[in-house]
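The structure appears right after this line, and notes come after that.
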Amino acid sequence: MSDWGRVVRVPLSLEWERVEAREGEFEREFLLLSDLEDDPVGQWVKMAKAKGEAKYSDELTLKLLVALHQKIDTLTKLLQNESREYPALAFKGAIESIGHGVVVMQESVFKSQELYYARINLPVFPQRIVPLFLEGLEERAAKLVRIHDKDQKDWDTYIASRERAMIRESKGG
């Protein structure tokens with residue numbers, strides 16, 4: 001086992017494909033997935049915060065209201081058959097562990113120095129699909145070479161919460 005830094009076991013799966021053949025398509029989707037967070041209500045809340053109009057508002061309540069609005073929008077789109085479909089990626093597999101900047105798969109799936117586009121459904125709030133660009137380190141491991149800033153923060157927060165859960169488990173509580 002190579003030195004991938006600190007990694008934590010996770011019950012997640014990854015979809016991926018080599019970038020080579022569909023680079024432009026993957027780049028567009030990567031940018032689109034970052035914009036999906038910016039719905040009209042979310043943008044309005046951001047603008048209100050920037051103008052100081054939300055300084056007396058509870059941050060958690062605002063986040064919950066925006067998430068509720070996004071869910072209602074999603075349900076509305078489903079009822080109107082406007083659901084967002086993502087193009088299938090060539091491969092899907094189970095992740096063994098992740099770290100700050102690395103993904104380790106259960107099987108040998110990567111080639112060293114190959115560039116991959118990937119998607120992961122990260123269990124954070126609000127839950128969403130996180131697009132990634134990865135570079136193969138060896139057969140089972142790839143490093144994150146590109147991720148949106150907000151997604152990077154949530155990625156690191158998820159790792160920290162998994163580490164805390166592992167510590168609690170090891171202490172028997």
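The values are calculated or read from the model by the stated rules, or taken from the named source; none is laboratory data. Computed from a predicted structure; not experimentally measured. As a convention, Cβ positions derive from the backbone with ideal geometry for all residues, glycine included, and neighbour counts pool all protein chains shown. In case anyone asks, the SASA skips ligands and DNA or RNA and just uses the protein heavy atoms, side chains included. Shrake-Rupley method; radii C 1.70, N 1.55, O 1.52, S 1.80 Å.
State whether one or more residues within segment 125-135 are among the β-branched types (V, I, T) and either outside any strand (DSSP E or B) or free of Cβ contacts under 8 Å to residues at least 60 places away in the same chain (or both).
The first filter runs over segment 125-135 and keeps only residues among the β-branched types (V, I, T), leaving 129-130.
Filter once more, keeping what is either outside any strand (DSSP E or B) or free of Cβ contacts under 8 Å to residues at least 60 places away in the same chain (or both): none.
No: segment 125-135 contains no residue that is among the β-branched types (V, I, T) and either outside any strand (DSSP E or B) or free of Cβ contacts under 8 Å to residues at least 60 places away in the same chain (or both).
Could you check, for segment 65-86, whether at least one of its residues is open to solvent by less than 90 Å² (accessible area, probe 1.4 Å), closer than 19 Å to E17 by Cβ and out of contact with any His (no Cβ under 6 Å at 6 or more places or on another chain)? Yes, segment 65-86 has at least one match. Does segment 97-117 include one or more residues that are of a type in the set (S, T, Y) and open to solvent by 50 Å² or more (accessible area, probe 1.4 Å)? Scanning segment 97-117 turns up at least one residue that is of a type in the set (S, T, Y) and open to solvent by 50 Å² or more (accessible area, probe 1.4 Å). Against the conditions (1) of a type in the set (A, V, I, L, M, F, W, C); (2) at pLDDT 75 or above; (3) touching a His at 6+ places or on another chain (Cβ under 7 Å), V41 satisfies every one except (2). Please tell me if G136 is at pLDDT below 95, of a type in the set (G, A, S) and either farther than 21 Å from L32 by Cβ or open to solvent by 20 Å² or more (accessible area, probe 1.4 Å) (or both). It is false that G136 is at pLDDT below 95, of a type in the set (G, A, S) and either farther than 21 Å from L32 by Cβ or open to solvent by 20 Å² or more (accessible area, probe 1.4 Å) (or both).
Taken together, R9, R28, R18 contain a single residue that is modelled with pLDDT of 85 or more and surrounded by 15 or more Cβ atoms within 10 Å (Cβ to Cβ), which is R18.
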